Amino acid sequence: MYTHVDPDLRQRGEDLIGESEKALREGNREHAYQLIIQATKIVPDNTDAWLYCATLAPSMAERVFCVNHLNELAPGYQDRHDIVFFAFKELFDEKPYLAYLAETDELYRVINTDRVVLSIPKKRARFELYPPEQPTAKPLRMAYRWLILAMLGLLVAGIGTVVFAPMAAVAALQADQSLGTRVERAKAMIVFLASAGLFIIGILFTILFALHWAG
């Protein structure tokens, strides 16, 4: 994610990254690091600058500082040379204990025994259902609604069930004719059979209620 930076400053940051690479090629690692530090201050949203900074950092603390910035800025950044991985591996080899602090959709935030907070990308593969989950078809949704009302109808001496169960059955038959998948047709048939059963129960409840009222 890019923050607003003056185009001239952004170009200056890119130039500093290039100068840093040149200094490193010439064997001046310390000067290269100082240049890349300047670049991160001018263009703090430049992922390449932070990755290069982590590569040149002379100490573990500075390396972790750069890696944290990179991970917070772009958790999904593709680190082709595994700079971030090896930085954390070196740290974990020395201080394997980590305590959970918080997390986002993309990051875990943990703390080690030196009270150093680390931002670690989750980088988990997105789980997708197969076959893809399809929304319930409208005719079947209507059958479900009538079926629920038919069940609730048992609470009023089955009268509501006698009214709504046939409507659920009709909706289920219509859904069975219009649905394309075998699974949804099976669901429609289950709704139809449940509706028929509820209708019979509703009739019995209504008869018992009538007999009780008459008595």
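Max-minus-min Cα coordinates of segment 7-121 on each principal axis give 40, 30, 24 Å, with the largest extent listed first. Using Cα atoms only, what is the angle between the long axis of helix 138-152 and the major principal axis of the chain, expressed in degrees (0 to 90) to the nearest 10? In the chain, helix 138-152 runs at an angle near 60 degrees to the longest axis. Short-range pairs are left out: with C-alpha atoms under 8 Å and at least six residues apart, the relative contact order of the chain is 11 percent.
Principal-axis analysis of the Cα atoms of the chain puts helix 83-94 at an angle of about 90° to the longest axis.
Maximal additional length on extending the V117-D8 stretch stands at 35.9 nm, based on 0.36 nm per residue less the C-alpha distance.
At an R0 of 35 angstrom, the distance between the Cβ atoms of L98 and E30 translates into a FRET efficiency of 0.65. In summary, the lysines within cross-link reach of K122, defined as a Cα separation below 18 angstrom excluding same-chain residues under 8 places away, comprise K89. Under 5 Å between amide hydrogens, built in the peptide plane, is the criterion, and for L107 it picks out K122 among residues at least 5 positions away or on other chains. Just to be sure I understand: with springs between alpha-carbon atoms less than 10 Å apart, which residue in Q34, Q177, Q11 has the highest mean-square fluctuation in the Gaussian network model of the chain? Maximum fluctuation in the GNM of the chain, among the listed residues, is at Q177.
Rg and Dmax over the alpha-carbon atoms of the chain stand at 33.0, 107 Å. Mind checking which aspartates and glutamates have their C-alpha under 18 Å from K22, skipping anything on the same chain fewer than 8 residues away? Cα-Cα hits under 18 Å: E14, E30, D48.
About its Cα centre, the chain has a charge dipole of approximately 1280 debye under the convention of +1 per Lys or Arg Cβ and -1 per Asp or Glu Cβ, with nothing else charged.
Taking the 0 to 90 degree range and rounding to the nearest ten, how far is the long axis of helix 60-73 tilted relative to the main principal axis of the chain, both from C-alpha atoms? Once rounded, the angle reads 40 degrees.
Computed from the coordinates by the stated procedures, all read-outs in this text should not be read as laboratory data. This is a predicted model, so every value here is computed, not measured. Note that we place each Cβ from the backbone using ideal geometry, even for glycine, and neighbour counts take in every protein chain shown.
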